[in-house]
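Input: a single structure, listed below in structure tokens.
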Amino acid sequence: MARKTMVEAIRDAMDVCMQRDDNVVVFGEDVGYFGGVFRCTQGLQQKYGESRCFDAPINESGIVGAAVGMAAYGLRPCIEIQFADYMYPAYDQIVSEAARLRYRSNGQFTAAMVVRMPTGGGIFGGQTHSQSPEALFTHVSGLKTVVPCNPYDAKGLLIAAIEDNDPVIFLEPKRLYNGPFDGQHDKPVTPWARHALGEVPDGHYTVPLGKAAIRRAGAAVTVLAYGTMVFVAETAAEQAGVDAEIVDLRSLVPYDLETIAASVAKTGRCVVVHEATLTSGFGAELSALVQENCFYHLEAPVMRVAGWDTPYPHAQEWDYFPGPARVARALKAVMEA
Amino acid sequence: MSGPTPLSFHVPGPAVRPGGAPDFSDVPISRAGEVRRPEVDAAPEDIRDLAFSIIRVLNRDSEAVGPWAGLLSDAELLEGLRHMMTLRTFDARMQMAQRQGKTSFYMQHLGEEAVSCAFRKALAPGDMNFPTYRQAGLLIAGGYPMLDMMCQIYSNELDPLKGRQLPVLYSSREHGFFTVSGNLATQYIQAVGWAMASAMKGDTKIAAGWIGDGSTAESDFHAGLVFASTYKAPVVLNIVNNQWAISTFQGIARGGSGTFAARGLGFGIPALRVDGNDYLAVHAVARWAVGRARRNLGPTLIEHVTYRVGAHSTSDDPSVYRPKAESDAWPLGDPVLRLRNHLIRRGAWSEERHRQAEAEILSTVIAVQKEAEGHGTLHSGPHPSARDMFEGVYETMPPHLRRQRQQGGV
Ligand SMILES: Cc1ncc(C[n+]2csc(CCOP(=O)(O)OP(=O)(O)O)c2C)c(N)n1
């Protein structure tokens, strides 16, 4: 067991899978020789050779489409889209092809593949390096959508995703690659090396898809969050002085309704937090689920805190980002409702 | 000094529209036997001319001539004729079944039968096609049961795809036929990916991609060429140029480039044009390209030059956008008649036997159709259960889908 960054944990997951199964292949823009712009695939080509880990042309539809063909052959591609913002050219291949092969062929062809992509803001990436497109995937039948928030989960979830026989969208909050982020952008980041969740076991283990984790137990209000927002919510709970229970969803589809409903039934209040824009975001799904399943336990309306419905701005990043202050305000509001 | 002259916008159009006289006189057609046959390991830059000619074997006198002739025995040619006749009869019956309201939709191959039927015979077991909706000949010539095809079209209780797919969007892994998508061109890059995988695993199987002339305008066509050329994938990339997309003539997708095959040249991919109505030529060119792929020499692009005689689909009315007699004016003839005449000329067939074969095939197809209809049609009789609708979205049904199935009461 060693302390690892999320980048190292993700790399470790691919390494473990490539070691165990010759059919696991890794490719994408810059992922081969260089190891990816975030270095998630560093060393894999040297270790496994060019036919297991290689560079792809700058053609996202081609990367995903080729992976669909490889998966139909029987390989297990784990591919990288350099930034989630560049998956739009590949969207058709993901939505109409990967997601539906099993269904439309009645299981004759399947797309056991993982599409990894860095998401989220907080790095001054502007409009084209900051988006959180999870709702565009959770809306699609046949896809699974996963968002880890720490090195331990990232490795365990990615191994589970690579071993899964359905196509999995694996969204990596890039702001968390090197350390947790509590939304206090003017404070230095604690590296994962000094954080308990930086402990990553060696070798093979999985974190099952579809199971949420309680990050902080509390009795007054349930916060539903994932990715960077888990840490923001922790800071907000402290700032607001509210005994919040923080549920980290980890996988959005399939989602863990049991854990969500049990927590809200206990606390009677719920705040949903995500970084993506508010309207039709995954938070809308979560608040509807809570309303449908926990209505008689609720003592206040479910509240959502999210990115504004604007493109992700560059200079105003911190006004856009749903930071701890906004989440704390929502926590106080539901407590007073 | 005068100012700049106003620019004008250019939209290409076909030579004629309804009411006009069909005219293919400006379509350059090579003579049968005229185009050379390079070695399969020829360097792409040495055979660039093949992207602009048309490889043809059968001449006007129904003889097989030139360097691409002589690959098939009489028995193989007779089998090919039977496949094409079967496909044509199958199409006619299913087209009628759609008109009778037994299914929602149908797409026929009239005039294009040689392309998929002849190509299929150049492949080996285990190879994989990534077809569009107009390559059912791959299944017929590959021995896929016609009953399964009809049950898919009828979405009945025996539909191998459980009523989840539009008619004619077949899927058979066993018969080397990748599940067809309604989204055009997506399968082209998938074929390349499949071929890359075969090479990555040191396998011996190859893939074939299929696309229509109109769909070559899609980005995935270009993605396929980039990947095939970059990784020298063992894939045969077919373009079926049947002159028309729906109402849009091929020039809208082709723009200024000389031919569709020429699209391959910038990628360093050997590109050949073939007479798509000549069973022998299609088969010979397919064998050449498959041989290249099999010998690890990389991808080949084939433009099959043909003509879509029928409507685009049962929802189309071609008389609105092209002269009715245009298909008769098509200079490359009818693939079934051409092969029939060749076999007669060789003494291996006769008009009498052809008529018999037609009657025999028709009664077989009708018998299978009766059997298929006994298992239901789209609007009557047994069909797949609503419960099936929820299966197969994921390997195992996630809780939210299970709840929805319960709510649906199935
Ligand atoms: C992505 C996409 N866009 C549009 C359509 C609608 N569409 C179906 S067939 C067709 C024409 C295709 O023409 P072509 O590629 O030449 O093939 P052909 O039908 O002539 O065999 C169109 C536009 C579609 N199915 N998918």
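By per-residue mean of other Cβ atoms within 10 Å, what is the highest-first order of B:343-351, A:21-29, B:184-192, B:229-237?
Numbers: B:343-351: 14.1, A:21-29: 21.8, B:184-192: 29.8, B:229-237: 25.1.
Order by mean packing, descending: B:184-192, B:229-237, A:21-29, B:343-351.
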Quiz prompt | Per-selection metrics, segment B:259-301 (Cα): Rg and Dmax in Å | solution = 10.7, 29
Quiz item: How many partner chain Cβ atoms sit within 10 Å of a residue's Cβ in peptide B:178-186, on average, as a whole number?
Solution: 5
Self-check item: Computed lengthening from A:Phe34 to A:Arg216, 0.36 nm per intervening residue step minus Cα-Cα distance
Solution: 61.7 nm
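Loop-only check: which GluC sites (Glu not before Pro) in segment A:270-337 are DSSP coil with at most 15 other Cβ within 10 angstrom?
A:Glu299
Restricting things to Cα coordinates, could you compute the convex hull volume per residue of segment B:275-410 in Å³? The partial results should precede the final answer.
Working: hull volume 35.2 nm³, N = 136.
It comes to 259 Å³ per residue, whole-number rounded.
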Self-check item: For chain A, calculated [θ]222 nm from helices alone, where every DSSP H run of n ≥ 4 adds -39500 (n - 2.57)
Solution: -9500 deg cm²/dmol
Quiz prompt | nm² value of the averaged projected area, convex hull over the Cα atoms of segment B:1-117 | solution = 15.7 nm²
Quiz item: Given a 1.4 Å probe and the protein chains all in place, what does the accessible area of B:Lys121 round to, in Å² to the nearest 10?
Solution: 80 Å²
Practice problem: Please go through the residue pairs A:Lys4/A:Lys174; A:Lys155/A:Lys266; A:Lys174/B:Lys232; A:Lys4/A:Lys47; A:Lys211/A:Lys266 and name each one whose alpha carbons sit more than 23 Å apart in this structure. | Solution: A:Lys155/A:Lys266; A:Lys174/B:Lys232
Quiz item: Along the Cα-to-Cβ line of B:Glu395, 7 Å from the Cα, sits a label point; which residues in segment A:176-212 have backbone N less than 17 Å from it?
Solution: A:205-211
Quiz item: For the Cα atoms of chain A, what angle does the longest principal axis make with the long axis of helix A:324-336, in degrees from 0 to 90, nearest 10?
Solution: 50 degrees
Exercise. Give me the compactness ratio for chain A, meaning the Cα radius of gyration over 2.2 N^0.38 Å.
Key: 0.96
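Quote the FRET efficiency, to the nearest 0.05, computed for B:Lys370 versus B:Asp317 with a Förster distance R0 of 30 Å and r equal to the Cβ-Cβ distance.
On the way: r = 30 Å, r/R0 = 1.00.
Efficiency at R0 = 30 Å is approximately 0.50.
Run through every distinct alpha carbon pair of segment A:1-80 and return the Kirkwood hydrodynamic radius in angstroms, one decimal place. Walk me through the numbers on the way to the answer.
Values: mean 1/r = 0.0793 Å⁻¹.
Every distinct Cα pair counted, the radius reaches 12.6 Å.
With N set to the number of residues, divide the alpha-carbon radius of gyration of segment A:30-76 by 2.2 N^0.38 Å and report two decimals. Walk me through the numbers on the way to the answer.
Numbers: Rg = 11.1 Å, N = 47, 2.2 N^0.38 = 9.5 Å.
So segment A:30-76 has a normalised radius of gyration of 1.17.
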Self-check item: Cα long-axis angle, helix A:229-240 against chain A (0 to 90 degrees, to the nearest 10)
Solution: 20 degrees
Self-check item: Two-site label geometry, B:Arg31 and B:Gln406: point separation in nm, points 7 Å out along Cα→Cβ
Solution: 7.8 nm
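Rank these residues by their accessible area, most exposed first, probe 1.4 Å: B:Ile252, B:Ile47. Don't skip to the end; give the middle numbers.
Working: B:Ile252 85, B:Ile47 5 Å².
Output order, biggest surface exposure first: B:Ile252, B:Ile47.
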Quiz item: Spin-label point model (7 Å from Cα, Cβ direction): what's the A:Asn165 to B:Thr204 distance in nm?
Solution: 2.9 nm
Exercise. May I ask for log10 I(q)/I(0) of segment B:311-378 at q = 0.25 Å⁻¹, from a Debye sum over the Cα atoms as equal point scatterers with solvent left out?
Key: -1.00
Quiz item: Taking the Cα centre of the protein assembly as shown as the origin, how large is its charge dipole in debye, to the nearest 20, when only Lys and Arg (+1) and Asp and Glu (-1) carry charge on their Cβ atoms?
Solution: 620 debye
Practice problem: Using only alpha carbons, build the gyration tensor for segment B:154-283 and give me the equivalent ellipsoid semi-axes, biggest first, whole Å. | Solution: 25, 21, 14
Practice problem: With a ≥ b ≥ c taken as the square roots of the eigenvalues of the C-alpha gyration tensor of segment A:1-139, please select rounded if a/c is under 1.5 and otherwise prolate if a/b is larger than b/c or oblate if it is not? | Solution: oblate
Quiz prompt | Most to least accessible of A:Trp318, B:Trp330 (protein chains only, probe 1.4 Å) | solution = A:Trp318, B:Trp330
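From the protein chains alone at 1.4 Å, what is the descending order of accessible area for B:Glu79, A:Glu50, largest first? Don't skip to the end; give the middle numbers.
Details: B:Glu79 75, A:Glu50 130 Å².
In descending accessible area the options line up as A:Glu50, B:Glu79.
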Practice problem: Treating cross-link reach as a plain straight distance, find the lysines whose alpha-carbon is under 18 Å from the alpha-carbon of B:Lys121, omitting any fewer than eight places away in the same chain. | Solution: B:Lys205
Quiz item: Short version: what are the Cα gyration tensor semi-axes of segment A:158-295, square root of 5 times each eigenvalue, largest first, in whole Å?
Solution: 23, 21, 14
Quiz item: What are the extents of the Cα atoms of chain B along their three principal axes, listed from largest to smallest and rounded to whole Å?
Solution: 73, 66, 55
Self-check item: Reachable lysines, given that their alpha-carbon falls under 19 Å from the alpha-carbon of B:Lys162 and they are not under 8 places away in the same chain
Solution: B:Lys102
Quiz item: Rg and Dmax of segment B:146-191 over Cα atoms: what are they, in angstrom?
Solution: 11.0, 33
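Evaluate 2.2 N^0.38 Å with N set to the residue count of segment A:215-311, then give the Cα radius of gyration divided by it.
Details: Rg = 12.3 Å, N = 97, 2.2 N^0.38 = 12.5 Å.
Segment A:215-311 yields a ratio of 0.98.
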Quiz item: In whole Å, what three semi-axes, largest first, describe the equivalent ellipsoid of the protein assembly as shown built from its Cα gyration tensor (square root of 5 times each eigenvalue)?
Solution: 54, 28, 24
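The values are calculated or read from the model by the stated rules, or taken from the named source; none is laboratory data. A quick note: this is a predicted structure, and the numbers were derived from the prediction, not measured. Virtual Cβ from ideal backbone geometry, glycine too; neighbours counted across all protein chains shown. With ligands, DNA and RNA removed, areas are computed over all heavy atoms of the protein, side chains included. Shrake-Rupley method; radii C 1.70, N 1.55, O 1.52, S 1.80 Å.
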